[in-house]
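Take a look at the structure below.
We did not get these values from a lab; they are worked out from the coordinates using the rules stated. These numbers were taken from a predicted model, which means no experiment stands behind them. Backbone-built Cβ (ideal geometry, glycine too); neighbour counts: all protein chains shown.
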Ligand SMILES: Cc1cc2nc3c(=O)[nH]c(=O)nc-3n(C[C@H](O)[C@H](O)[C@H](O)COP(=O)(O)O)c2cc1C
């Protein structure tokens, strides 16, 4: 059975715009494979601690000396990533970037000698690549025209997830949630169209590969 890891990062929980967008992504993924299992990792409620002293020490040494505390938590989170066929991250933009809870998750998952190795040529990812969907909600706009704020969220996720081997990233967003209701509805409509386009293109590609195999 295929597995989707859903990382939910908004403090607003199920009412969050990013959560709703992530649910739509999951819906499209499950349309193709209804039996797909979803593993929910809720971190938006602040339940994930920051990394502890022992973990920080081990990252600066040449061995994983400590197996408890953050190291055990890190192992659990990494195994969830490794077991997933798809990863869906639902996240708000906070202060131009990822919320601190998502940064805490990243600190646990991006681990020396476990998810990346250090070589003379630089850091090399150790995870098998798999599709990662990032569903973002932001109060203002950060892409397209008439943008009045920087975006440190999407380039950061591309760089840090790429560093551990996750390169197959697709971003969807509902931007401008702080705008009047009509504008928010338009933004949601735009995200829905992007989702439909992405998943219908993906299905068409799969069908043509299957056809080629059948010939
Ligand atoms: C602490 C904090 C920082 C925020 N920073 C930004 C920001 O830098 N840019 C932006 O467009 N919106 C910002 N917002 C607004 C949220 O991105 C917006 O309300 C979004 O829709 C929340 O998504 P959610 O419903 O998934 O939590 C911020 C909100 C909070 C609470």
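Among 146, 141, which comes first, then next, by fewest other beta-carbon atoms within 10 Å?
146, 141
Please work out the C-alpha center-to-center distance from segment 8-66 to segment 99-146 and express it in whole Å.
If you average the Cα positions of each part, the centres end up 12 Å apart.
Relative to the present Cα-Cα distance, how much length would full extension add between residue 123 and residue 159 at 0.36 nm per residue of separation?
So the chain would gain 11.8 nm between residue 123 and residue 159.
Can you tell me the orientation of helix 181-214 relative to the chain, as the angle in degrees between its alpha-carbon axis and the longest Cα principal axis, to the nearest 10?
Here the helix axis deviates by roughly 80 degrees.
Add -39500 (n - 2.57) for each DSSP H run of 4 or more in the chain, then divide by its residues: what number comes out at 222 nm, to the nearest 500 deg cm²/dmol?
When only DSSP H runs of four or more count, the value is -14500 deg cm²/dmol.
Could you check what % of the DSSP bridge pairs in the chain are antiparallel, to the nearest 5? All intermediate terms of the calculation are to be shown ahead of the outcome.
Values: 5 of 30 bridges.
Just about 15 percent of them are antiparallel.
Going by how many other beta carbons lie within 10 Å of each one, how would you line up 89, 26, fewest first?
Ascending Cβ contact count within 10 Å gives the list 26, 89.
Please identify, among 72, 63, 104, the residue showing maximal mean-square fluctuation in a Gaussian network model of the chain using a 10 angstrom Cα cutoff.
63
Can you give the FRET efficiency to the nearest 0.05 for residue 198 and residue 52, using r as the Cβ-Cβ distance and R₀ = 45 Å?
According to the calculation, E is roughly 0.70.
Between residue 72 and residue 32, how many nm apart are label points set 7 Å from Cα along the C-beta direction?
Distance between the two pseudo-spin positions: 3.7 nm.
With labels modelled as points extended 7 Å from the Cα through the Cβ direction, what inter-label distance (nm, one decimal) is found for residue 79 paired with residue 15?
Taking the simple label geometry, residue 79 and residue 15 are separated by 3.5 nm.
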